[in-house]
2 protein chains.
Amino acid sequence: MAKSIASEEELIEQYLAPLASGYPGAFGLKDDCAILRPPPGSDLVVTSDAVVTDVHFFADETPENIAWRALAVNISDLVAKGASPHAYLMVLSFPEAPSSDWMIRFTSSLKDAQEHFGLSLIGGDTDRRAGVPLSVTITAIGTVPEGKMVRRETAEVGDRVFVSGTLGDAALGLILRRNMDAKRFAALTSEDRQFLLDRYLLPQPRVELSALLLKFASAAMDVSDGLAKDLGRMCKASGVGATVQLENLPLSSVAARIAAQSSDVRLMALSGGDDYEILCSVPPAIAEDFAEAALDAGVDMADIGEMVVGSGLSIRDAAGADIVLPKTGYDHF
Amino acid sequence: MAKSIASEEELIEQYLAPLASGYPGAFGLKDDCAILRPPPGSDLVVTSDAVVTDVHFFADETPENIAWRALAVNISDLVAKGASPHAYLMVLSFPEAPSSDWMIRFTSSLKDAQEHFGLSLIGGDTDRRAGVPLSVTITAIGTVPEGKMVRRETAEVGDRVFVSGTLGDAALGLILRRNMDAKRFAALTSEDRQFLLDRYLLPQPRVELSALLLKFASAAMDVSDGLAKDLGRMCKASGVGATVQLENLPLSSVAARIAAQSSDVRLMALSGGDDYEILCSVPPAIAEDFAEAALDAGVDMADIGEMVVGSGLSIRDAAGADIVLPKTGYDHF
C-alpha cells in the first residue's frame, strides 16, 4: 500500500512548493497570496478552467495525463489571445489523501508542462472530502503588449477563417479511449491508436502561434467545444456570419483513413470537442503571409472559409449544398 | 417546480455577465480571457480559494450565504496582505442545473458583496455533473503599491502580536448551526443567536485595515484555521516564536457570556476556525499608534502577545502557566 500524504502542509512543502521555485512573487507558496508584476507595457490576460473526473477525464486516468491536461487547457485559452504564459494558481480537490507516488507523478508532469509552456505555479488551495470527484482548477495568467489582446468579437466581414493543425482526432481518441476494441479502429496500427489517444489525452496548445496572432489575426479563440460551436460563438460575438467548406477542414492522415470508411468523421471534425487548436480570422490581404509565417513556425493553418454578412454558420459540402449538423459541439453545462 | 437554467450560455449571459459590467477588461464575459491592467506603480496580489458543500458550508445553505462566503474568504486573504480588492474569476461546479430563482439569489448576494468589497467579476468557468458537490472556486486579485505586499514571514522578535475584532464567535456559530437546541446556547436571545450564526455564515473581511497594515504591520495574515494554527504558521515562516496571553484573546460579549458557563470557549477562540479576522505583528514603537488608527477606522485591535526568540507558540493563562492545546485548528485537507 502506497504511503498517503498526511497533511496539507506536507502536500504544499514537499510536492507543490518546488513547482513555484522559479517565481519570486510566489514566496515558495509560504504565503496566502502571490505577487504578479507584469513587465512594463504589458497587460495581464487571465483565464480559469477546471478539469473534473468523469467530466474532463476518466476516473482511471494517469496522474501525468490529468496534470498535463489541467494546465494545457488553460494555456490554450491564453495563446489564442496572443498571450505568453506567465504564471498559474491551482486549486486541488481530492476525494481522499493522494499517495506520495501519485503526487510525484502528478507534479513531475506539471513540471514538464510548466517548462514546455514557460510558466510557474504561484499559489492555490487544496481540499479533501470523501465523495468529491478529483478536480484540478487552474487560473492561468499570461502577458500581452498593452491593449493588444486578440479578442473573439472583432472578426470582420471578408476575413478568411483559419484553423490550426487538424480537427476531430481528439473526438476519435475519446471514442477509442472508451472502447479500445471499437470496430472502426480495427485496421489501425498501434502508432495510429497512440496518436489519436494522445490527441485526446495530451492537448498541445499552439504556443508557437501566439506572436503571429498578435500580428495577423483580427479575432481568435481556441477550439475546445467543437469547431462549429466555437466558430458560431465567434460569429455571434462579432456580429457576422461564416461560410465553411467541409472538404477544407484539416484531417490528420489517421483521421482521413478512418473517414474513408466512416462518413461521420468529417462531422466529428466539425462538432467533436477537445481539439485545442486555434481558430482565427485574418484580413484577406495578409492571409497568405499569415499562413506562411505559421508554417515557418511549424504549424499548418488551413483556410476553411470566410466571414460573411449575416449571422450563424453555413457549412457547405463539395457540391455547394448546405450541411445541417445533428449536434453543435459539447456543452459541459 | 422552479425553472432550471438550460445552458451555459444562458447562465453566463443572463446571470453572470451583469456582475462583470463594471470592468472593461472583462468584455462582458464574452471572451475566454479577461485583461488586467494594474494601476501604474502597483503590484497585483492574487489568491485562490474554493468553498465546497459539506466542507465549507452546509448542503442546505442559502445561495445568498454561499455567494457571500465564497467571495469573502478570498477578500480576507487579500486585505491581510494590505491589498485593495480589484477583480475576481469564479469557477462554478453544479451537481444539477440550478433554478433561475437560485441563480437570482446567488448573483444578487454576489453583487452586494462586490459592491461592499469594491471589485468585479471578470471571468471563470461553469460545469455540471451529477454527484459532484456544489463548489465555488474564486481567484481574487487585489492591488498594492509596488513591493509593499505585507508578508507572513517577516515578523520580528519583539513585535507585538495583534488580532482584530473577536475570536471564537464563528466556531460557536458553527456549533449552533449544527444544533440550534444545543444546551450551551439555551440562555441566549434570538439576537445573540443570529450574531453567532452570522459570524460563521457571513464572514466580514476587515477591508478597513488594509491601508493600516501597509503602514504599520511587519507581517500579517488572516485567521481562518484558528488563531493558534495560523499564528504558528506565521512564527514558523518568520523563524520566531510567540507568547500569547489567553486572557487577552478578544471575545465578543455573547462569547464572553457563554465562556462564563463553558470553560472551552477560550480554547475555541484559540483553535476554532472561520474567524476571518486579521492577525499581524507590529514593531513595539508604533504598536500604540497602530491600535489607535485602527480604532479610528472602526476596528478594535487586541494586543494578545509578543514575538520572541525561538519557535512555536506558548500560550499562558492568567497565572502564567503554559496551556497545552488539545487541537491546533482546522485542516481542510
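The values are calculated or read from the model by the stated rules, or taken from the named source; none is laboratory data. Just so we're clear, the structure is a prediction, and the values are computed from it rather than from any experiment. Cβ coordinates were reconstructed from backbone atoms using ideal geometry, including for glycine residues, and neighbour counts include every protein chain displayed.
Structural remarks
- Among the residues of the range B:112-125, not a single one is surrounded by fewer than 22 Cβ atoms within 10 Å (Cβ to Cβ), at the interface with another protein chain (Cβ under 9 Å from one of its Cβ atoms) and more than 17 Å from the chain's Cα centre (by Cα).
- Restricting the range A:20-35 to residues that are out of contact with any helix residue (DSSP H, G or I) (no Cβ under 6 Å at 6 or more places or on another chain) and not polar (S, T, N, Q), the residue that is surrounded by the most Cβ atoms within 10 Å (Cβ to Cβ) is A:Asp31.
- In the set A:Asp159, A:Asp169, only one residue is modelled with pLDDT of 95 or more, crowded, with 20+ Cβ neighbours inside 10 Å and touching a Pro at 6+ places or on another chain (Cβ under 8 Å); that residue is A:Asp159.
- All positions within the range B:1-58 that are at positive phi and either aromatic (Phe, Trp, Tyr) or facing chain A (nearest Cβ under 8 Å) (or both): B:Phe27, B:Asp54
- Residue match in the range A:152-171 (condition: part of a helix (DSSP H, G or I) and among the hydrophobic types (A, V, I, L, M, F, W, C)): yes
- The condition of being in a strand (DSSP E or B) and under 14 Å from A:Leu121 (Cβ atoms) holds for only one of A:Tyr15, A:Tyr88, that being A:Tyr88.
- Residue pairs meeting the criteria (Cβ under 9 Å; at least 6 apart or on separate chains; first touching a residue at least 40 places away in the same chain (Cβ under 8 Å) and among the charged types (D, E, K, R), in the range A:242-265; second surrounded by fewer than 20 Cβ atoms within 10 Å (Cβ to Cβ) and part of a helix (DSSP H, G or I)): A:Arg257/A:Asp192
Table: residues versus (1) more than 14 Å from chain B (Cβ to nearest Cβ); (2) in contact with a Leu (Cβ under 6 Å, 6 or more places away or on another chain); (3) farther than 24 Å from A:Cys280 by Cα.
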position: A:Ala171; (1), (2), (3): yes, no, no
position: A:Lys183; (1), (2), (3): yes, no, yes
position: A:Leu188; (1), (2), (3): yes, no, yes
position: A:Pro203; (1), (2), (3): yes, no, no
position: A:Glu208; (1), (2), (3): yes, no, no
position: A:Leu214; (1), (2), (3): no, no, no
position: A:Met221; (1), (2), (3): no, yes, no
position: A:Leu227; (1), (2), (3): yes, yes, no
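- Scanning the range A:79-88 for residues that are away from every other protein chain (no Cβ under 11 Å) and modelled with pLDDT under 95 turns up nothing.
- Residue tally, condition over 28 Å from B:Leu196 (Cβ atoms), of a type in the set (Ser, Thr, Tyr) and either at pLDDT 95 or above or not in a strand (DSSP E or B) (or both), over the range B:277-333: 2
- Residue match in the range A:114-129 (condition: charged (D, E, K, R), part of a strand (DSSP E or B) and in contact with a Ser or Thr (Cβ under 6 Å, 6 or more places away or on another chain)): yes
- When A:Thr107, A:Thr53 are checked against the criterion of being at pLDDT below 95 and closer than 17 Å to A:Leu134 by Cα, a single residue qualifies: A:Thr53.
- Hits in the range A:282-318 - residues which are small (Gly, Ala, Ser) and without any contact (Cβ under 8 Å) to a residue 40 or more places away in the chain: A:Ala285
- Remark: pairs (first residue in the range A:1-27, touching a residue at least 60 places away in the same chain (Cβ under 8 Å); second residue among the charged types (D, E, K, R); Cβ separation under 7 Å; 6+ apart in sequence or on different chains) = A:Ala2/A:Asp101; A:Glu8/B:Asp331; A:Leu19/A:Lys111; A:Gly25/A:Arg37.
- When the residues of the range B:8-19 are filtered to those that are within 26 Å of the chain's Cα centre (by Cα) and surrounded by fewer than 18 Cβ atoms within 10 Å (Cβ to Cβ), the one that is nearest to B:Ser93 (Cα to Cα) is B:Ala17.
- Unique match (being assigned to a loop (DSSP other than H, G, I, E, B), at positive phi and touching a residue at least 40 places away in the same chain (Cβ under 8 Å)) among B:Asp274, B:Asp225: B:Asp274
- Only one of the numbered conditions (1) farther than 22 Å from B:His56 by Cβ; (2) away from chain A (no Cβ under 14 Å); (3) of a type in the set (Ser, Thr, Tyr) is violated by B:Ser238, and that is (2).
- Within the range A:140-156, being within 7 Å of chain B (Cβ to nearest Cβ) and either over 16 Å from A:Ser84 (Cβ atoms) or free of Cβ contacts under 8 Å to residues at least 40 places away in the same chain (or both) holds for A:Arg151, A:Arg152, A:Glu153.
- Evaluation of A:Pro250 against (1) in a loop (DSSP other than H, G, I, E, B); (2) within 14 Å of chain B (Cβ to nearest Cβ) (one fails), failing number: (2)
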